[in-house]
Amino acid sequence: MPLVIATMLREEGITGVHTHVRQLRRYLDNCGSAYTLVTPFSWGRTLTYPVFGFRRALELCSKSAGVVWYRHWHEVFLRNALRRLLAEVGDCVVYAQGPLDARAALRARQGPHQRIVMAVHLRISQADEWADKKQIRRDGTVFRAIRQAEREVIPQVDGLVYVSRWARDVLLSWLPEAAAVPSAVIGNFVAPMNAKPGQEQLGDLVTIGNLDLVKNHRFLLEVLAEASRTGRSLTLDIFGEGPCRKDLMGQARSLGLEEQVRLRGFRPDVRDFLPGYRAYVHASYSESSSLAIMEAMGAGLPILAGNIGPISELCDDGVEARFWPLDDPAQAAVLLIGLLDCEPERLKAARAARERFQREFDADVVGPELRSFLLGTTSQGAPGSAPS
């Protein structure tokens, strides 16, 4: 049965959804499974620039209006692209990467022979994600409209793929109707990394993620400043782009960390650099999963992260990771220095991280499970089931 991957996003980008789709496509290519990727840019490409670009002008007047414009027109273009494709393919599965993607697919499909399965990447709701970015007012008109759209769409899909148990539990906490939809908890996955002998050492610490408020990069700089006060000068490379870049540069200057912190921008080959560091650090206070942590574990890096959301599903405190308090940079610095100063412990955590990656996050382990659920080649269980 043909598989159609539908996403509101551009084909290439830096979000976790981009990585999820990229890793799935790589797995499908490797096993010879056919698929089609559909984005809003698959239809009316010459119109995308003026239509999507108008959002920038609109945001100068109202950020929430910019969000409404973005959501509406990206859904319209995606729906048109899907309608054109689904009129030709017959039986298929559309793997939608979010609620709007799913609504576009539901409106475009030709009948129930075209199944819609939605990935739950949500941190509670897309309304909460826009509010976390300060683009809309929490509990305001746009926030409530997004929640209502999700209440209507999610129960209509034919299947749900939760990327973590936490993502399942938090969605069901406010949308219990979703329990009636056949589902599975199937974590994200990444392709294994090929070991490179003689890897160049690039620095002490590394982190990957959009430079957004929710990623909490400011905390990492505060930890480095606390470490400096004890006489330890640690380096940190930050890979990613986003609206907080200027503020982070200013913070680094004010803390005297200009020589220790490098903002490396977006690199599509960032995973190739990971083995060149001693530890992976993570400070986000809201996640539905973390592909960045998985990639770091695949590179054999110990993890330092806050024990939030699904992080404890990925790594265990005292084994692959050290969980640090996101409200206490001084104590976090103590934990960090303690790990880095005890090389046997650091190497033990690194080995444990690599081994857990091979057991639980390797594409060759998880990919077949996701493919089977999407294409219905194994029993999906009773409606609302969510195997872990």
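The values are calculated or read from the model by the stated rules, or taken from the named source; none is laboratory data. Small disclaimer: the values here were computed from a predicted structure and weren't measured. Because the Cβ atoms are built from the backbone with ideal geometry, glycine has one as well, and the counts that use them run over all protein chains shown.
Some notes on this structure:
- Within the stretch 7-35, restricting attention to residues that are surrounded by fewer than 17 Cβ atoms within 10 Å (Cβ to Cβ), in contact (Cβ under 8 Å) with a residue 60 or more places away in the chain and not polar (S, T, N, Q), the residue that is farthest from Ser372 (Cα to Cα) is Glu12.
- Among the residues of the stretch 70-90, the ones that are within 21 Å of Gln126 (Cβ to Cβ), among the hydrophobic types (A, V, I, L, M, F, W, C) and surrounded by fewer than 19 Cβ atoms within 10 Å (Cβ to Cβ) come to 2 in all.
- Filter result for Leu224 (crowded, with 20+ Cβ neighbours inside 10 Å, more than 21 Å from the chain's Cα centre (by Cα) and within 19 Å of Tyr277 (Cα to Cα)): yes
- Residue within the stretch 100-110 that is without any contact (Cβ under 8 Å) to a residue 40 or more places away in the chain, crowded, with 21+ Cβ neighbours inside 10 Å and not β-branched (Val, Ile, Thr) present: yes
- Wholly within the stretch 1-111, helices (runs of 4 or more DSSP H) carrying at least 2 residues that are assigned by TED's automatic domain parsing to the domain that holds Leu160 and closer than 23 Å to Arg151 by Cα: 63-89, 99-108
- Restricting the stretch 182-207 to residues that are modelled with pLDDT of 95 or more and in a strand (DSSP E or B), the residue that is surrounded by the fewest Cβ atoms within 10 Å (Cβ to Cβ): Val185
- Answer residue from the stretch 269-279, given it is in a helix (DSSP H, G or I) and surrounded by 17 or more Cβ atoms within 10 Å (Cβ to Cβ) and is farthest from the chain's Cα centre (by Cα) among those: Pro275
- Only one of the numbered conditions (1) touching a helix residue (DSSP H, G or I) at 6+ places or on another chain (Cβ under 8 Å); (2) farther than 21 Å from Gly242 by Cβ is violated by Arg84, and that is (1).
- Some residue of the stretch 159-172 being buried (at least 21 other Cβ atoms within 10 Å of the Cβ) and farther than 30 Å from Met118 by Cβ: no
- Residue among Gly318, Gly338 that alone is exposed (fewer than 15 other Cβ atoms within 10 Å of the Cβ) and over 25 Å from Leu291 (Cβ atoms): Gly338
- The stretch 242-268: number of residues that are surrounded by 15 or more Cβ atoms within 10 Å (Cβ to Cβ) and in a loop (DSSP other than H, G, I, E, B): 6
- Candidates Arg56, Arg79: the one that is in contact with a helix residue (DSSP H, G or I) (Cβ under 9 Å, 6 or more places away or on another chain), touching a residue at least 24 places away in the same chain (Cβ under 8 Å) and basic (Lys, Arg) is Arg79.
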